[in-house]
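Peer 1: My questions will all concern the structure given below.
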Amino acid sequence: MAKARSTAFFCKECGYESAKWMGQCPACRAWNSMVEEPVAKKTAAGAVPSLGRTGISGSGAAGTRIRPSLLSEISLEEEDRIDTGFGELNRVLGDGIVAGSLVLVGGDPGIGKSTILLQVCRNLAGSGLKVLYISGEESLKQIKMRANRIGPVEGDLKFLCETNLEQIEQAIEAEQPKVAVIDSIQTMYREDISSAPGSVSQVRESTGILMQIAKSRGITIFIVGHVTKEGVVAGPRVLEHMVDTVLYFEGDRNASYRILRSVKNRFGSTNEIGVFEMEEEGLVEVENPSEYMLDGRPEEASGAVVSCSMEGTRPILLEVQALVAETNFGMPRRTAAGTDYNRVNLLMAVLEKRCRYQLSRFDAYVNIAGGMRMNEPALDLAIVMALMSSYKDRPVDPGMLIFGEVGLSGEVRAVSQAAQRVNEALKMGFTSCVLPKVCLGKLKPVEGIRLIGVSNVREAIGLL
Ligand SMILES: Nc1ncnc2c1ncn2[C@@H]1O[C@H](COP(=O)(O)OP(=O)(O)OP(=O)(O)O)[C@@H](O)[C@H]1O
Ligand SMILES: [Mg+2]
């Protein structure tokens, strides 16, 4: 038998364990991803959490034979979705919290992860559920300060400052909450693993324990995860595989709105977003993001075009701004804020080649107002129109909405969900809408809004 090792190498990407260092992980083929860490002493739980212990199979008790179940033998509880008190969050989760699920919430430092979870805890406690908030980052006093900010807390909401998972397991066992929050997974540790909190093996093993607790007792656990500078949750990639739902909280540092996006959801769609605004009293839902994004829009200014982007089932109107100015140097400057830089370059090349505009003598700056990031191809036509409006110094009709994808030959291609976009425009008081001709054929005429179909960019520019 091999001698027990005290350290091993773990892949940061997939958690693969190896006795020796390797330049490339044999499991996930990532380069330079192996880090040396002390190995876990094998416990009764085993290194890899097994769902067999969790009671999902129907028989969890030690000694009983494990028997596979038929779907018809599994009963679903009545209220298997819990309302979080935030419509925006419910939608991102797929109509509320699923009992016994594990939800990972990631986001930049200071974005509001602790705030939103505390608000959710407060809502849940207010509706009569037992909630436990475990913080490894802040003292009870600091939590109280935040709680004072968000308003009075009623019901059974308890707090614990602890980082040792065995203690946390005991506390959960004693309290039997319906929902628990772990803030954050990078501060939690297991005593039987000698590496530091936040290391690959600690994060993986801690999440394994939490998964067992969640599944076996039907407790929903929210886990806060720090993100690396690349914007992914710090720790092994397996973390995202282990949990049921991964939410990212994002937003512009300088803007007060925050967007909650789901990148993985075992119980719902992943393209829904929730929009919030950070205020004195915590996060407030933004029910009409279009109104929010178009607030303070300049009228009759050249280079400003309103377009519509779909975020899941939800249309959001936003303003695309462009500034085209003669360059002072041989090399024109191009910048794109809030959208893809390469896409802007491509669209300008289309304008040069297909419409014969000499744009190489001009600097061009494109910006999505409000600090939102949008990469949907449906914005192409709006970017083209904003550039041309600025280039010709002719404002676009402020009551006009523009969307459509632009192809390399300058053709305007179909986009999905055109009807929803037109309806949103109508709702926001727009009087005309420029859209791909192919989409126009499929739409019924809508009262109150003039629909203008275009088949190529030249036709669209003619409208200026
Ligand atoms: N009085 C206030 N008025 C408005 N916004 C506030 C106020 N106090 C705090 N904030 C906002 O709340 C943010 C901090 O929120 P929170 O502590 O929930 O972030 P976090 O994502 O948990 O951060 P960390 O990664 O450090 O744990 C601040 O960055 C600030 O934007
Ligand atoms: Mg926090």
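The values are calculated or read from the model by the stated rules, or taken from the named source; none is laboratory data. Treat the numbers as computed from the prediction; the structure is a model and nothing was measured. A quick note on method: Cβ atoms are made from the backbone with ideal geometry, for glycine too, and the neighbour counts reach across all protein chains shown.
Peer 1: Quick check on this structure: which one of Ser307, Ser269, Ser290 is more than 16 Å from ligand 2 (Cβ to nearest atom), farther than 19 Å from Asp252 by Cα and either at pLDDT 85 or above or surrounded by 21 or more Cβ atoms within 10 Å (Cβ to Cβ) (or both)? If you could, list the steps in order and put the result at the bottom.
Peer 2: Values: Ser269 fails: either at pLDDT 85 or above or surrounded by 21 or more Cβ atoms within 10 Å (Cβ to Cβ) (or both); Ser290 fails: farther than 19 Å from Asp252 by Cα.
Just a single option satisfies the conditions, and that option is Ser307.
Peer 1: Quick one: is Asp183 within 16 Å of ligand 1 (Cβ to nearest atom), closer than 28 Å to Asp80 by Cα, among the charged types (D, E, K, R) and touching a strand residue (DSSP E or B) at 6+ places or on another chain (Cβ under 8 Å)? Spell out the reasoning first.
Peer 2: Values: within 16 Å of ligand 1 (Cβ to nearest atom): yes; closer than 28 Å to Asp80 by Cα: yes; among the charged types (D, E, K, R): yes; touching a strand residue (DSSP E or B) at 6+ places or on another chain (Cβ under 8 Å): yes.
Here the answer is yes, as Asp183 does meet what is asked.
Peer 1: Being more than 21 Å from the chain's Cα centre (by Cα) and assigned to a helix (DSSP H, G or I) is the filter; apply it to segment 174-185 and report the residue that is farthest from ligand 2 (Cβ to nearest atom).
Peer 2: Ranking the candidates gives Ala174 first.
Peer 1: Working only within segment 143-168, note down all residues that are more than 22 Å from Ser256 (Cβ to Cβ), out of contact with any Leu (no Cβ under 7 Å at 6 or more places or on another chain) and within 15 Å of ligand 2 (Cβ to nearest atom). Outline the logic, then answer.
Peer 2: Residues of segment 143-168 that are more than 22 Å from Ser256 (Cβ to Cβ), as a first pass: 143-144, 152-168.
After this cut, where a residue has to be out of contact with any Leu (no Cβ under 7 Å at 6 or more places or on another chain) as well, the list is 143-144, 152-157, 162-168.
Hits for segment 143-168 are Ile143, Lys144, Thr163.
Peer 1: On to the next question. Among the numbered criteria (1) within 16 Å of ligand 2 (Cβ to nearest atom); (2) crowded, with 21+ Cβ neighbours inside 10 Å; (3) under 23 Å from the mean Cα position of the chain (by Cα), which single criterion is violated by Met188?
Peer 2: (3)
Peer 1: Can you pull out the residues in segment 108-119 that are surrounded by fewer than 24 Cβ atoms within 10 Å (Cβ to Cβ) and either more than 10 Å from ligand 2 (Cβ to nearest atom) or not in a helix (DSSP H, G or I) (or both)?
Peer 2: Scanning segment 108-119 gives Asp108, Pro109, Gly110, Ile111, Gly112.
Peer 1: A further question on this structure: Test each condition in (1) within 16 Å of ligand 1 (Cβ to nearest atom); (2) closer than 28 Å to Ile273 by Cα for Leu140 and report the one that comes out false.
Peer 2: Leu140 satisfies every listed condition except (2).
Peer 1: Let me ask another. Step by step: first the residues of segment 311-351, then only those that are exposed (fewer than 13 other Cβ atoms within 10 Å of the Cβ) and among the charged types (D, E, K, R), then the one that is farthest from Asp380 (Cα to Cα). Which residue is that?
Peer 2: Of everything passing the filter in segment 311-351, Glu326 is farthest from Asp380 (Cα to Cα).
Peer 1: Let me ask another. Taking the options Glu319, Glu299, Glu285, Glu326, name whichever one is among the charged types (D, E, K, R) and modelled with pLDDT under 90.
Peer 2: On the way: Glu319 fails: modelled with pLDDT under 90; Glu285 fails: modelled with pLDDT under 90; Glu326 fails: modelled with pLDDT under 90.
Just a single option satisfies the conditions, and that option is Glu299.
Peer 1: Shifting gears a bit: Pick from segment 274-310 the residues that are in a loop (DSSP other than H, G, I, E, B) and under 22 Å from Ile116 (Cβ atoms): which of them is farthest from ligand 1 (Cβ to nearest atom)?
Peer 2: Restricting attention to segment 274-310, the residues satisfying the condition of being in a loop (DSSP other than H, G, I, E, B) are 280-281, 286-288, 295-303.
Filter once more, keeping what is under 22 Å from Ile116 (Cβ atoms): 280-281, 286-288.
Numbers: Glu280: 4, Glu281: 8, Val286: 15, Glu287: 20, Asn288: 21 Å.
Checking each candidate, the answer is Asn288.
Peer 1: Which residue out of Leu124, Leu129 is assigned to a helix (DSSP H, G or I) and more than 16 Å from ligand 1 (Cβ to nearest atom)?
Peer 2: Values: Leu129 fails: assigned to a helix (DSSP H, G or I).
Exactly one residue qualifies, and that residue is Leu124.
Yes/no matrix, rows are residues, columns are (1) away from ligand 1 (no atom under 16 Å from the Cβ); (2) assigned to a helix (DSSP H, G or I); (3) buried (at least 19 other Cβ atoms within 10 Å of the Cβ):
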residue: Ala147; (1), (2), (3): no, yes, yes
residue: Pro152; (1), (2), (3): yes, no, no
residue: Ile168; (1), (2), (3): yes, yes, yes
residue: Ile172; (1), (2), (3): yes, yes, yes
residue: Ala196; (1), (2), (3): yes, no, no
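Peer 1: Cβ contacts < 9 Å: first residue more than 15 Å from Val181 (Cα to Cα) and more than 9 Å from ligand 1 (Cβ to nearest atom), restricted to segment 103-117; second residue hydrophobic (A, V, I, L, M, F, W, C) and not in a loop (DSSP other than H, G, I, E, B), any location; separation 6+ or different chain. Result?
Peer 2: none
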